[in-house]
Amino acid sequence: MKKQLYRAAAATVLGLSLTTGIVAADTGNITNTGPGSDNKVTTKVTDNSSLKNRNDIDLSNHNSQHAYTGDAKVKYNTTGGDATSGAAMNDNSVSADVTVDNSASSAGGSGFLASAAANGGGTIDTTGPGSNNQIKTTVTDNSSVSNHNDIDVHNSNHQTASSGDASVTGNTTGGSATSGDATNTNSATFTFSVTN
């Protein structure tokens with residue numbers, strides 16, 4: 001009879017040690033307990049994490065260009081030749097590729113909970129008659145994720161192109177006068193990829 005009492009007492013101590021609560025997922029095993037014993041394996045997983053991602057992106061492009069061709073004039077000659085003004089050209093190109101990816105940090109909490117829940121639990125084997133045995137796994141997710149993406153794009157382009165005067169005046173025999181080309185070219189490309 002004394003052996004039975006010791007065995008029941010040992011089973012009670014085992015039950016108390018397993019009901020204190022486990023912060024991370026863990027497993028426990030209940031085996032060979034005495035009659036009328038009360039045994040529990042309790043796993044508690046709680047995620048109280050708070051995640052905040054703030055991405056501030058400010059892109060500014062200011063372009064000011066001026067292109068002028070000179071004057072081409074043939075004047076006051078007995079025999080005038082040809083006059084040609086050169087070409088003036090503006091060219092501007094802007095390309096911006098911005099990638100923001102917050103998905104890895106946002107998925108971290110859920111991955112932890114899934115892993116913890118999968119690893120929780122325990123086994124019950126060979127318990128005495130009239131005993132109360134329980135395995136309980138509780139997963140609580142109080143996590144919060146806040147993503148704030150602020151993207152500002154400012155593109156300002158000012159271009160001026162002017163061709164010079166082409167004139168043939170006051171000549172006995174006048175040649176030709178050609179003013180060059182004045183050209184402006186601008187290209188702007190902005191590509192954004194945001195993943196939360």
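Okay, here's what the table says:
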item: Count - residues of segment 91-104 that are part of a helix (DSSP H, G or I) and acidic (Asp, Glu); result: 0
item: Members of segment 152-178 that are loosely packed, with under 13 Cβ neighbours inside 10 Å, polar (S, T, N, Q) and under 30 Å from Arg54 (Cβ atoms); result: Ser156
item: Subset of segment 45-90 [among the small types (Gly, Ala, Ser), under 25 Å from Asn157 (Cβ atoms) and assigned to a strand (DSSP E or B)]; result: Ser60, Ser64, Ala67, Ala88
item: Selection status of Asp125, out of contact with any helix residue (DSSP H, G or I) (no Cβ under 9 Å at 6 or more places or on another chain) and either more than 30 Å from Asn39 (Cβ to Cβ) or at pLDDT 85 or above (or both); result: no
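The values are calculated or read from the model by the stated rules, or taken from the named source; none is laboratory data. The structure presented is a predicted model; accordingly, all values stated were derived computationally and were not measured. A quick note on method: Cβ atoms are made from the backbone with ideal geometry, for glycine too, and the neighbour counts reach across all protein chains shown.
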